[in-house]
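Worksheet: the structure to be examined is printed underneath.
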Amino acid sequence: MPYGAAALTNRLSREDPSKLSDELVQAFKAAYEKIQLPSKVNGTHVWACGGGFRGMGYYLLGKHPIQPYPIPLINGFTVSAGTFTQAVATQALATTQAEMPDMFRISKRRAAQVPAIALVIQALTAAIPNLTTIHFSQGTHSDVRTDIGGVREGVLFQMLPKDIRSQVPLLAAVAPYAPKSYDQLLSLAKNAMPSITPSIILTRILPALVALSYLHAHLPKEVASIAALHSMTIGRLAAAPGITHDIRATIALGLCARWGSEVADREEMARYEDLAGDLKFWGVYCGRVLAVLGAANPTGMIFEENLSFSVERGKEWTVAVRVSDRSVIMQSVVDSFGKRIKSCLGKDRWKGLKYEVRVEYPN
């Protein structure tokens, strides 16, 4: 549809805004009916791309409750539809436009396009029922909660074989860094996950963390944690597509925990935790599990399985760690496993359920 920010700005200068708004609403309604979304969709998500939306995204990023916002990327940034519409409501439009030129990566040209973006958002909310979430991206999406580039990239993406296009962007991005015994390490780590583990952890975040768990092994101990925390924003994975900011924050916290969470700036760590939300604990827990596996298999290759996990459910969750390696280093890492988890959580609760860690040494 020919409703880019520049085109609409031009039309607004010479056409009746109310008639143009009616045109957009009808066009969006027709497109929505043609797409035929499943009736059981829990809320409607919209992926917004293009320079005008990108400018609004940076504005909302600058207004986010978490400040300084820890991830300076527009790709994967997510806001509620209500937050977006409030920023471009008639009564707030002038303030929004006036504040924009002083914000990061927003030019005067983009600020001038705010009325056009407001028109689009107002038309979308009128045309699409139950619009709940807006994701900012550089193009279309190939999987749930993803973004893959601009229009040019999208055209090239459609030319790729279907088996490549169907790959999960996050897992494709981390695959080059996977250790030799990736499959075995992932299987061992999954054995430490209880039945209440969210599916996004089991299918996306844990596999990604296992693949990245040796990425910072070459670094000195005092910098490994902070390098891991920043790996999703200024490291090798900063440009990886298809990762929303809560997932980036969760992976960053998990990698940081993999190397001991030794970060001097606790306020920065807290901002990542706030951004990860309910996934924070799971990212840290996965990182602790991988720290134990890393101590048992320091090269990323499993020559002999000398460690295993199991999870039991009685009056409380019990994570059992069975170790056959009685070296001083291994005992130190495993014995502190539960203690380290509790120190990160601040209490011995597993999402509201008590748990303990039991270490078993075979005779």
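For region 171-206, name all the residues that are in a helix (DSSP H, G or I), of a type in the set (G, A, S) and surrounded by fewer than 19 Cβ atoms within 10 Å (Cβ to Cβ). So that I can check it myself, show each step before the final result.
Pass one, region 171-206, residues in a helix (DSSP H, G or I): 171-177, 182-190, 199-206.
Retained after the next criterion (residues that are of a type in the set (G, A, S)): 172-173, 175, 187, 189, 199.
Selection gives A172, A175, S187, S199.
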Practice item. Tell me which residues, restricted to region 159-170, are exposed (fewer than 10 other Cβ atoms within 10 Å of the Cβ), of a type outside the set (A, V, I, L, M) and in a helix (DSSP H, G or I). Key: K162, D163
Study note, to complete from the structure: Residue pairs within 8 Å by beta carbon, gap of at least six or interchain, first lying in region 81-99 and modelled with pLDDT of 80 or more, second aromatic (F, W, Y), listed first then second, are A87/Y59; T96/Y59; E99/Y59
Review point. Quick check: is even one residue across region 12-29 within 18 Å of the chain's Cα centre (by Cα) and at negative phi?
Key: no
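Is it fair to say L209 is crowded, with 21+ Cβ neighbours inside 10 Å, over 21 Å from D265 (Cβ atoms), outside the structural domain of G76 (by TED's automatic domain parsing) and at pLDDT 95 or above? Can you show your working first?
Numbers: crowded, with 21+ Cβ neighbours inside 10 Å: yes; over 21 Å from D265 (Cβ atoms): yes; outside the structural domain of G76 (by TED's automatic domain parsing): yes; at pLDDT 95 or above: yes.
The answer is yes for L209.
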**Study point:** When residues of region 110-130 are limited to those that are outside any helix (DSSP H, G or I) and surrounded by fewer than 21 Cβ atoms within 10 Å (Cβ to Cβ), the one nearest to the chain's Cα centre (by Cα)
**Key:** N130
Study note, to complete from the structure: With criteria (1) in contact with a helix residue (DSSP H, G or I) (Cβ under 7 Å, 6 or more places away or on another chain); (2) part of a loop (DSSP other than H, G, I, E, B), L60 comes up short on (2)
Review point. Among the candidates S261, S308, which residue alone is at pLDDT below 90 and under 24 Å from P68 (Cβ atoms)?
Key: S261
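The values are calculated or read from the model by the stated rules, or taken from the named source; none is laboratory data. Everything numeric in this text was worked out from a predicted model, so none of it was measured. Counting neighbours? That spans all protein chains shown, and the Cβs are built from the backbone with ideal geometry, glycine included.
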